[in-house]
């Protein structure tokens, strides 16, 4: 284990090999693929910016969510978002925004949030399906690696005592207190549960709901899509889970930033995480 | 510069580079010649995987009368322009004839009356548009396989091309809508030439007199206003060469996804 250069004022510390090379490679592959899937997915949503429940979109029931452009009281265009029939004006962000050149953009999600930026459904689908393959193959490789290298059992599965002390971990998270020293070598219990629910619930669900939208895959076992409530329900689930993954990413990045940004970034690139041997709990970072 | 500064700088460049690549680089990549081709390579993977996990005649889900959409949405062309089509429509398509030719032993011309007299199939299926919406309709028509049995495809025939009456774009030289499917889809029991929707004659808005139903693929494969069917070995020399109007405009030929 290589020791870090230590300056006089810093507490004693050393670099601990925390993330193996396969985990690091698959982490960043997953990050890139999911980001592109999310942004190209928002673009595909723009082609028909409404969500429904059931088999079809034209069932006589109104959509659950709808983002559109309509005329305002003074004849101007406004962007609106309707959720369960309640309308919110979302001009500037949803339903009506601006392209980088200042031209009005009447699509649901703004150009800066989508891939590609300029409207092209066919190109967005190409981006989406290419990176869907990378994402799925990477995910399968990760699950196999995690099982056989015991990454799953060793690093991700919470122990009984961890689960019993989950209350203390919740309090620590609320207080933005993060483990240091020996404890920082392991994931904490909330972190483990968050990673496990993303890996084994949200990601499989988003894949399944994506497959459920394919008319050809529907025909493999006719009717299997009904398990998700029908094709349009599957589309709604796909959309919701995509945003739950975005929420996970936001919390994940927040936690990385407040618990030692560069240390985490280094450990996910080189594998080495700095452990301070002096301090017990470091609440300031 | 200490080693630590160096590693920080590397990390900063790495993180910045990653962000820049994702946010602005994607559009630059999209506009290159080669990158869209890389992206498009997934079409082969998806189609291959779908065929691996399904049989040639895996059936699309069929629904009940209770599931029917109150009105079946018309998308794309709802009234083809052009005098020839208008004249056919005015006469209730009594003068319409479906030409079936190309790589076949016995080319034929079939009238609507003759088509209606052939054994029919009725199916309540879900229509999935590439845009994301779905609608459920009850389709009545003649299995394409029966029509192909009449004309006897030659061994070289690999694709069935549908030439349509709707002129797209409206420029001086009209590009007519067309589509193509492979022989597996052509022989599939649910692939029909539909002349009825929800127990009535197929409305003009939905493709009268006849439209294709190819139930395991997205809406744009279901060619409306079919005038002529041609069996070919390759569609490389037809229009833009990609096997369909939307395919010529960037969409995937395989629309099972």
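Would the stretch A:191-285 count as rounded, prolate or oblate if I go by the C-alpha gyration tensor, calling it rounded below 1.5 in a/c and otherwise prolate when a/b exceeds b/c, oblate otherwise? Verdict is prolate for the stretch A:191-285.
Give me the number: length gained by fully extending residue A:252 to residue A:153, i.e. 0.36 nm times residue separation minus the C-alpha to C-alpha distance, one decimal in nm.
33.5 nm
Inter-label distance, residue B:184 to residue B:66: 3.5 nm, where each label sits 7 Å from its Cα along the C-beta direction.
Mind checking Rg over Rh on the stretch A:116-182, alpha carbons, Kirkwood formula for Rh? Please list the in-between numbers first.
Numbers: Rg = 19.8 Å, Rh = 16.0 Å.
Rounded to two decimals, Rg/Rh equals 1.24.
A straight line joining the Cα centroids of the stretch B:159-226 and the stretch B:65-93 runs 11 Å.
Only Cα pairs under 8 Å and 6+ residues apart enter the sum, and on that basis the relative contact order of chain B stands at 20 percent.
Working from Cα pairs under 8 Å separated by at least six residues, relative contact order for chain A is 26 percent. Annotation: peptides A:144-150, A:119-125, A:232-238, ranked by per-residue average of other Cβ atoms within 10 Å with the highest first, follow the order A:232-238, A:119-125, A:144-150.
Whole-percent P(r), chain A, all Cα pairs, 10 Å bins from 0: 6, 22, 27, 22, 16, 6, 1, 0. The fraction of Cα-Cα pairs per 10 angstrom bin, counted from 0 for the stretch B:60-248, comes to 9, 39, 39, 13, 0 percent, rounded to whole percents.
Estimated from helices alone, the mean residue ellipticity of the protein assembly as shown at 222 nm is -11000 deg cm²/dmol (sum of -39500 (n - 2.57) over DSSP H runs with n ≥ 4, per residue).
Projected area of the protein assembly as shown, taken from the Cα convex hull and averaged over every viewing direction, in nm²?
Details: hull surface 126.9 nm².
Its average projected convex-hull area is 31.7 nm².
Can you work out D for the stretch A:50-108 in µm² s⁻¹ from Stokes-Einstein, where Rh is the Kirkwood radius over C-alpha pairs, the temperature is 20 °C and the viscosity is 1.002 mPa s? The Stokes-Einstein estimate is 175 µm²/s. Only Cα pairs under 8 Å and 6+ residues apart enter the sum, and on that basis the relative contact order of the stretch A:50-108 stands at 25 percent. With a simple spin-label model that places each label point 7 Å from the Cα along the Cα-to-Cβ direction, the separation between residue A:224 and residue A:173 comes to 3.3 nm. For the peptide A:222-232, the mean number of other protein chain Cβ atoms found within 10 angstrom of a residue's Cβ is 3. Sorting the Cα pairs of the stretch A:4-93 by distance into bins of 10 Å, from 0 upward, gives 13, 23, 21, 14, 12, 12, 5, 0 percent per bin.
With viscosity 1.567 mPa s and temperature 4 °C, the Kirkwood radius over alpha carbon pairs of the stretch B:173-230 converts through Stokes-Einstein to a diffusion coefficient of 108 µm²/s. Counting only the Cα atoms, the stretch B:21-164 fills a convex hull of 229 Å³ per residue. Give the angle, between 0 and 90 degrees and rounded to the nearest 10, that separates the Cα long axis of helix B:42-53 from the longest principal axis of the Cα atoms of chain B. In chain B, helix B:42-53 runs at an angle near 60 degrees to the longest axis.
With all pairs of separate Cα atoms included, the stretch A:150-220 yields a Kirkwood hydrodynamic radius of 14.4 Å. Model label points for residue B:149 and residue A:89, set 7 angstrom from Cα along the Cα-to-Cβ axis, are 6.4 nm apart.
Readers should treat all values here as calculations from the given coordinates under stated rules, not as data from a laboratory. What you see is a predicted model, and the numbers here were worked out from it, not measured in a lab. All Cβ positions, even for glycine, are placed from backbone atoms using ideal geometry, and neighbour counts span all protein chains on display.
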